[in-house]
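Here's the structure, in structure tokens; my notes come after.
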Amino acid sequence: MTQVIERGTPLPAPPRAGGRRRSPAAAACVLGGAMAAGLGLGFLAVLVIVLWISSPYPDSGPGGALHLAAGLWLLAHGTDLIRYETLSGVPAPVGMTPLLLVALPVLLMRRAARLGSACGDGSDGDEVLPASAVFSAVTCGYLAVGSLATVYAAGGPMPADPLSAAWHVPLVAVLAAAGGVWVAKGRPLGPLPEWVPKGVRRAVARPRYALALRSGAAGALVLLGGGVLLVGASLAWHGAEVQGTFLGLTGVWSGRFAVLLLALALIPNAMVWGAAYALGPGFALGAGATATPLGFEGAAALPLPRFPLLSALPPQGPGSPVTWAVGVIPVAAGLAVGWFAVRRAREVSYGETALTAGLGSVVCGLFMAGLAGAASGPLGSRELARFGPVWWQAGGAAAAWTLAVAVPLAVAVHGWRNRPPAADAGDEWHASGTRDVRWETLRRAAGAPLVPDPAPVAAPVPPVPPVAAPVPPVPPVRPQPQPNPVPVPEPGPEPEPDPVPTPIPDPVPVAPVAPPVPPVSGARVLSRRRPPL
């Protein structure tokens, strides 16, 4: 039969295999990744344009401001920029990334991945995209805009290094997209994929690794908190120098506002520097100058830039008890690692607890090594080629400090939590919170219901049989004379009375003997008390 189709009626789309029509979810994910990159570029472009308009020296024009915004967006991903306009004529790299600026692309990319995971929920026949498809689509859209931004920034005053941009931008995009998809799927913590070796999957599934990750993160947070305290105390101590440097850089409000924004963006970097200073290795301020708690030498000969945060550096010269006191911060970090590494279950051994604390120290060291590497970088060439903490020194010091403190503390806390309960006197044993645990221990050790020992019962005395009363003798009857004597038979022998049966005493009930209860250390069985009448 031929189907009659009216004029103007749209033809239905051919169905896909499985009966579902083609879904635009993949295209929406690609567009979401591109929009995330565009929003980051647009935010920085608006900020730079506003500062350019308010500047009293707008010589470069709006094109130069837009090129600078693209360069700043690439710098937010960790890409090194190259500054060609220098006094020596030698191109100087700028590789120190403001860590607060990194939050902009990470948050936008993470949100794009979450929204992409919500597309294609299966309603109206749409195809539900798997997590891998969403991740790939969002990442491709973001990297497409990132490559265009790299090409555009090449024509500005501070172009990006192509090799540095080729791996920094994809790294940030991949990590942020993976985090967004993972959150959108409900933060699953299931087994690893099948392509991972079986031994690795079994090892990661053990609970010690989750505890080590938690304790290592706690130690890293304590170190960063101590770094913030050090930076704040140093800024307050050198308040006059910081204020003079801030006011002396520029006299217009737009320039001061730009300096303030840059200082705020570098606060996380200064926090990591303070943590590295407290750990001992310190941070470098160029070639031959390193600030440590034991001393600070060689900074006077370096051409340090005038900046408010650099005005709060420790004084030059050997260390003092004030600088040595910063060792309290890594000790506190070790205490945090040891405390969070102790599992509350009672079946864990001391060796397992010590191993968990050691792994937590390694995790803390890895965290600090990564943060130190991200917070440092070159600010120029020659003397300023090294600026910030060295990643492997900061990570090794963090692991060593926390390992020396965390393992003994974890073992001590494990022993304290698993100590045998002390025997209390009177009713305090019943009021203790560990009563249920003690009763369970006694039941397991006895293997039978616990019965209190019965009170000793005296054996009953058998009753004395009654003594029969003596029968009085019967006097003989004398015959009387009769007129006609009649022969009277002689009385026969009198029958003996039946003996009285001796009463048999009732059997004495034997009390049941309770099974012996093996001795249990740390507990005591008390007899039950009768309630008062």
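The values are calculated or read from the model by the stated rules, or taken from the named source; none is laboratory data. Keep in mind it's a predicted model, so treat the numbers as computed, not measured. So basically every Cβ, Gly included, is an ideal-geometry build from the backbone, and we count neighbours across all protein chains shown. These area figures cover heavy atoms from the full protein model, side chains too; ligands, DNA and RNA do not enter into them. Shrake-Rupley method; radii C 1.70, N 1.55, O 1.52, S 1.80 Å.
Rolling a 1.4 angstrom probe over the protein chains, ignoring ligands and nucleic acids, what is the accessible area of W339 in square angstrom, nearest 10?
Looks like 130 Å² after rounding.
Counting only Cα atoms, I'd like the Rg/Rh figure for region 362-421, Kirkwood definition for Rh. Could you put the intermediate results ahead of the total?
Numbers: Rg = 18.0 Å, Rh = 13.6 Å.
Using Cα coordinates only, the ratio equals 1.33.
Where does each of 100-108, 310-318 land if you order them by average Cβ count within 10 Å, highest first?
Details: 100-108: 18.8, 310-318: 15.8.
Per-residue Cβ counts within 10 Å, averaged per peptide and sorted highest first, yield 100-108, 310-318.
Let me check I've understood the local charge: for L104, count other residues with C-beta under 14 angstrom from its C-beta, Lys and Arg +1, Asp and Glu -1. What total comes out?
On the way: positive: R110, R111; negative: none.
The answer is +2.
Loop only by DSSP, 10 or fewer other Cβ within 10 Å of the Cβ. Give me the trypsin sites (Lys or Arg not before Pro) in region 334-413 that pass, ordered by residue number.
Taking region 334-413 and a limit of 10 other Cβ atoms within 10 Å, the loop trypsin sites (Lys or Arg not before Pro) found are R344, R346.
Hey, could you pull the Cα Rg and Dmax for region 211-340, both in Å?
That works out to 16.3, 53 Å for Rg and Dmax.
List the GluC sites (Glu not before Pro) in region 313-393 that DSSP assigns to loop (not H, G, I, E or B) and whose Cβ has at most 12 other Cβ atoms within 10 Å. Which are they?
Values: sites: E347, E352, E383; in loops: E347.
Answer in residue order: E347.
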